[in-house]
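Undergrad: Can you keep this structure in mind? I'll have questions shortly.
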Amino acid sequence: MKVYFTASLRYKKRFGGIYREIVEDLEKDGHEVYSEILSEHLPEFSDVSSQKLRQWSKEWASFIRECDFVLVEGSYPSTIHIGFEVGMALAQGKPVVLLFQQGHDPIFLNTFIANKLIKTEYDERDLQDILRWSVEEVEQLSSRRFTFFISSEIDEYLSQVAKGGSLSRSEYIRGLIEREIEKKR
């Protein structure tokens, strides 16, 4: 999966090790991670021209559009960019995983705001497990339900397929669609 990772710039020096661990764990599990926030060459926003900020904003927005989900280390959401990125991702229907260290719940970002916001607490001992669980939650959120009407003839046929025992009605239909997709590739 493509993951957009972000965290507090203000606390980058203090928590950079944890930020890097998160990114490395995701990459170890085969995910592609956009993590420009970790760049040592990224200056403080106060030291950057408004033109450069606009350029970064466009770049970051394009990565958010292309990602499968956004992962935020939100223990110290001290910079406005975190709220902007979370809001942009949720507005595009992207799942957002908000990790925070024990005792540092970012109360202004709550799950009642959006059903695609997954908030979870972690400590350094269980970080890998929490990351894997979070990715599984994102995968579940990303599966979509599709309902449509069928004729009685199709219904009867699908019932016979399901009685065969190896596939459910929806698995059979999904298989047909997947084979068609493969033919077109």
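Undergrad: Yes or no: Leu90 closer than 25 Å to Phe69 by Cβ and either part of a helix (DSSP H, G or I) or touching a Lys or Arg at 6+ places or on another chain (Cβ under 7 Å) (or both)?
TA: It is true that Leu90 is closer than 25 Å to Phe69 by Cβ and either part of a helix (DSSP H, G or I) or touching a Lys or Arg at 6+ places or on another chain (Cβ under 7 Å) (or both).
This table checks each residue for (1) farther than 14 Å from Ile22 by Cβ; (2) out of contact with any helix residue (DSSP H, G or I) (no Cβ under 8 Å at 6 or more places or on another chain).
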residue: Lys52; (1), (2): yes, yes
residue: Trp60; (1), (2): yes, no
residue: Gly74; (1), (2): no, no
residue: His81; (1), (2): yes, no
residue: Ala91; (1), (2): yes, yes
residue: Leu99; (1), (2): no, no
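Residue-by-condition table, conditions (1) over 25 Å from Asp29 (Cβ atoms); (2) part of a loop (DSSP other than H, G, I, E, B):
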position: Ile118; (1), (2): no, no
position: Glu121; (1), (2): no, no
position: Leu141; (1), (2): no, no
position: Thr147; (1), (2): yes, yes
position: Glu156; (1), (2): yes, no
position: Leu176; (1), (2): yes, no
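Undergrad: List the pairs whose first member sits in the range 125-143 and is of a type in the set (D, E, K, R), whose second member is surrounded by 13 or more Cβ atoms within 10 Å (Cβ to Cβ) and in a helix (DSSP H, G or I), and whose Cβ atoms are under 9 Å apart, counting only residues at least 6 apart or on separate chains?
TA: Arg132/Asp25
No lab work stands behind these numbers, since they all come straight from the coordinates. Note that the coordinates shown come from a computational prediction; the quantities given were computed from them, not determined experimentally. Don't worry about glycine lacking a Cβ; one is built from the backbone with ideal geometry, like all the others, and counts go over all protein chains shown.
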